[in-house]
Every structure is written in C-alpha cells, then in structure tokens.
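Trainee: Before anything else, here's the structure in question.
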Amino acid sequence: MRAAFQTGPRVDCQEIGARVLGDLIAKPIRGERVLDNLETLARFGSTDRGGMDRPVFSPQYRTAIDWLASEMRAIGMTVRLDPAGNLIGRLGPAAGPAILSGSHIDTVPGGGIYDGMLGVVGSLEVARCLSDVAPTMSCAYEVVAFADEEGAYISLLGARAMFAELLQDEVLAATGRDGTPLVDVMRAFGLPPEKIPDAARSPDDILAFIELHIEQGPILETEGIEIGIVENIVGLQNSHLTFHGQPNHAGTTPHHLRADAFHAACLAVSEAFCIVEQQCGPDVRLTFGDCEILPGASNVVPGEVRLTQEIRAATGAEILRIGDTVLECANSVSARIGVSVTTRVISDDAPATMSPIVIDAVAQACDQVGVRSKRMPSGAGHDSQQISKHVPTGMIFVPSRQGLSHNPDEFTQPRHIKLGIQVLCNTVVSLINASS
Ligand code: HGY
Ligand code: MN
Ligand code: MN
C-alpha cells in the first residue's frame, strides 16, 4: 500500500550551493533522491490507520532491509547483515578501520517516516557522494542500520551486540508485545540467535560514529536554528509496575470491600506525577505508556494491572531516585485499598556523553555549510548512546515540525534534511581526512 505521508514541497530541494568540503570533495548531495528514498522506505510497513508499523525482524522489516541492501550495492558498497541483524554497507578499503554513520529503520507502532530513517538514508547519500573517491580514502566509510533501536524486543539490541553487551539470558528471555520470543523471530529471519556474539567488533576498528537524526522535540524549530549538535543523551529506564488486587463481581462487591488493582494504579500514577512535577527539574520525564487490565471485562473488578513505566533523566542517580519515589507512592496508595505492588526493571540505558572530537568536527562542518547551530542535550534515546561508550561518537539534529515524533505527523522540512546531510557529509569527510 502507498504510504499516506507527505515529504513536502519539492521546490525546497534545490541544491544548497557548493560551500563544501575538504580534500575529498565529491558528488553533490541530491535532496530529491533522499526524499525518494524516504518515501520508498515509508511503503514498507505503512498502516491503514496512518503511520508506520515496522518492528525489527517483521516481514515488512525484511522488505526494507532488502531494499536498503540493494541501494548499498548499487553504490558499490560491500554489504552484510551481521549476526545481530545490523545491516552494514562498506565503502573504501576492504580491511582496516572505518568511520561509521547510520541509525535505525525499525519504527514504533504508529510512528513516522523520519525517526531513524533520516540517519540511514542520509548516510547512504553521503556514501553516494563519496563513491567516486572511495579508492583514495584513507579509511573505510560504513553505513549501518542498527537492529531494534526502538526495543520491540530489546532496546538498542544491534548497537549493544556490536560491542558484546548483550547477555545470553536477556536474549533468551526477550519477547515482543504479543509474547513472541525474540529467538523465534530471529530464527524465522534467518539469524540463529546463538550466533549473536559473532556480531561483536573491536572498538579499535571503528574510528568514530556519527548519527544524523530528527530532533523529535520543539527546540530547534522554536528558536529558528537549523542544526543541533548533541552534547549528551539522557538515560532511560524501562520497568513493569504491576498492581495485584482481587478480581470480583462488579455488581455485588461494594467499593469499600474491593481490592481494585486499577483504582490503585490510577491513584498511584496521579500522585507520582504530582510529586515528579513538584520535586524534579524540567528535564526529567516519567511516562506510563502501556497498560493491561486483567482479566479485562467490564463486569469484573480488575484483579491485576500491568503498567510500563519509563523514566528519563540526565543522571543514573536521578533515575533511581524517581523510580524509588514512584514505588513508594504506589505502595502507600495501594496499601490503603488492599492491593500490593511489584516492579521489574526491563532495560536500563545509561546517560551518554558525546565525544568532544566529533562535536568539534560537527561544529566546524556547520561553519563550512553556513548554518545556525546550537549545542543541546537529547531527550530521546539513540543508537549513539550505546556506541558512545566504546568509540568517539556524535549526533546531528535537524528540526522536527511542532516537535512531533513517534507520531504519523512527524515531519522535517526538505531544506533541513538537505542541510543535515550536508553537515553529516562534511563531518564524515573531515573525520576521514583526520584518519590519514
Ligand atoms: O524512545 C526513544 O527515545 C527512541 O526513539 N528510541
Ligand atoms: Mn524512536
Ligand atoms: Mn530514532
């Protein structure tokens, strides 16, 4: 089915002039081609309800990966799907270290067409620009689409596997939202899960990683700035918070005799938000994004409620403090109405700092291209936060219309897309030049 997305007026896609590059000046970036690529990717997993639904290892993800691999081959890249499902295209020397860039092409349910995809097709465009000079490059350039950034099974699965950070138990235990085991979907995708450790690479083989991404927030648009240079990425902890009450007849059980798990959950959530809003700084985020009520019938007092709880903050200590606060709140509210609470951490991604070397390279690229830029934090999680633990890493943000993301109306102006790729290209070139 054709996607219902608009990538915007083509008139904005004029070439932005040749204010570029260092020694490796190559072919120009072609905005039209990038928009075509985004539209093509948008076809694989667009839904009748609007928006994308393309979880990692799904059939629509397979179609998208196959398309991407064929685009990489057409540029002359050598292409491989690593044992964790990361698609990697390589340009330049067959052996030795590489500069990496990329992002992810999986989506959240009801997602847009830019989150992740822009970084991948933008990196692909950079590879096209460099293809003529590939034989002279002093190090390789690799474009990577990382597996399961959005955490349909394990948040940042591919980026973690690339640096040997996935635990076997974690892989065995992971399931999708519908309970399907990760190991089953990987096998069906042609990837034996026991081979995941073979995806690990030596950090010495990766000179730097640079990720272009939409901001997914309102700051750049509000301030009229074209490029964000990311300095740090917040930490993100995902848990299940479960309220255990007693199912009972909804007509015959008076309120004061109920142990209503949903009643307890509502009060606890409401109180937790009050406390977080009063006591935490403006950069802290608390979200209960999914809720299951059991047994799930209109005439049964809920016996169990399972919430997903997501906390984001700039430090691990703050995340722990908020988690403790929410749990205290849930326990005290629940005790009043005869309900108990359990909690289980599902994933815990530490806050990350970007490399000063890559930040400087991006800042210099912004000056070369002639764009307004701003150094800023990222409130969203990214493959970069994982990779930055092992190799020098940086991120380039472009504005998101009305700050919308994880939403079918996610949109970035073609002009900003082009500028972002130009900055990415200049950054990659300067990092390649610095490697010689
Ligand atoms: O949820 C996030 O921050 C990212 O989009 N995966
Ligand atoms: Mn996302
Ligand atoms: Mn993303």
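Trainee: Compute a Gaussian network model of the chain, connecting alpha carbons closer than 10 Å, and tell me which residue from F189, F44, F57 fluctuates the most.
Mentor: So, out of F189, F44, F57, the one fluctuating most is F189.
Trainee: Filter the trypsin sites (Lys or Arg not before Pro) in region 276-329 to those in DSSP coil with at most 12 other Cβ atoms within 10 Å of their Cβ, and list the result. Please list the in-between numbers first.
Mentor: Numbers: sites: R285, R306, R312, R321; in loops: none.
Qualifying residues, ordered by number: none.
Trainee: Find the accessible area per residue for the chain; the probe is 1.4 Å, ligands and nucleic acids are left out, and the unit is Å². Spell out each step's value before the answer.
Mentor: Values: 18100 Å² over 436 residues.
That works out to 42 Å² per residue.
Trainee: Once phi is turned into θ = phi - 60°, what whole-Hz ³J(HN,Hα) does the Karplus curve with 6.51, -1.76 and 1.60 give for every residue of region 263-274, x standing for Gly and Pro?
Mentor: 4, 4, 4, 4, 5, 5, 5, 4, 5, 4, 4, 4
Trainee: Could I have the simple spin-label model distance between A164 and V300, label points 7 Å from Cα toward Cβ, reported in nm to one decimal?
Mentor: Those two pseudo-labels are separated by 4.8 nm.
Trainee: Report in % the part of the accessible area of region 235-349 that belongs to carbon and sulfur, leaving out ligands and nucleic acids; probe 1.4 Å. Can you show the working numbers first?
Mentor: Working: 3260 of 6100 Å².
About 53 percent, which is the carbon plus sulfur part of the accessible surface.
Trainee: Averaging the inverse of every distinct alpha carbon separation and then flipping it gives the Kirkwood radius. What is it for region 200-308, in angstrom units?
Mentor: On the way: mean 1/r = 0.0547 Å⁻¹.
Evaluated over region 200-308, this radius sits at 18.3 Å.
Trainee: To the nearest Å, what is the center-to-center distance of region 82-125 and region 252-289, using C-alpha atoms only?
Mentor: 39
Trainee: Aspartates and glutamates within cross-link reach of K195: Cα-Cα under 13 Å, excluding same-chain residues under 8 positions apart?
Mentor: D82
Trainee: What would the Debye equation give as log₁₀ I(q)/I(0) for the chain at q = 0.06, 0.07, 0.12 Å⁻¹, counting only Cα atoms as equal point scatterers?
Mentor: So the normalised log intensities work out to -0.27, -0.36, -0.99.
Trainee: Hey, what does the equivalent ellipsoid look like for region 250-386, semi-axes from the Cα gyration tensor as sqrt of 5 times each eigenvalue, largest first, whole Å? Write down the numbers at each step before the final one.
Mentor: Details: eigenvalues 366, 43, 31 Å².
Computed over region 250-386, the values are 43, 15, 12 Å.
Trainee: Looking at the chain as a GNM with Cα springs under 10 Å, which of D324, D383, D132 has the largest mean-square fluctuation?
Mentor: In this elastic network of the chain, the residue with the biggest mean-square fluctuation among D324, D383, D132 is D324.
The values are calculated or read from the model by the stated rules, or taken from the named source; none is laboratory data. Nothing here was measured: the structure is a model prediction, and the numbers come from that model. Because the Cβ atoms are built from the backbone with ideal geometry, glycine has one as well, and the counts that use them run over all protein chains shown. We work out accessible area using only protein heavy atoms, side chains counted, and drop any ligands, DNA or RNA first. Shrake-Rupley method; radii C 1.70, N 1.55, O 1.52, S 1.80 Å.
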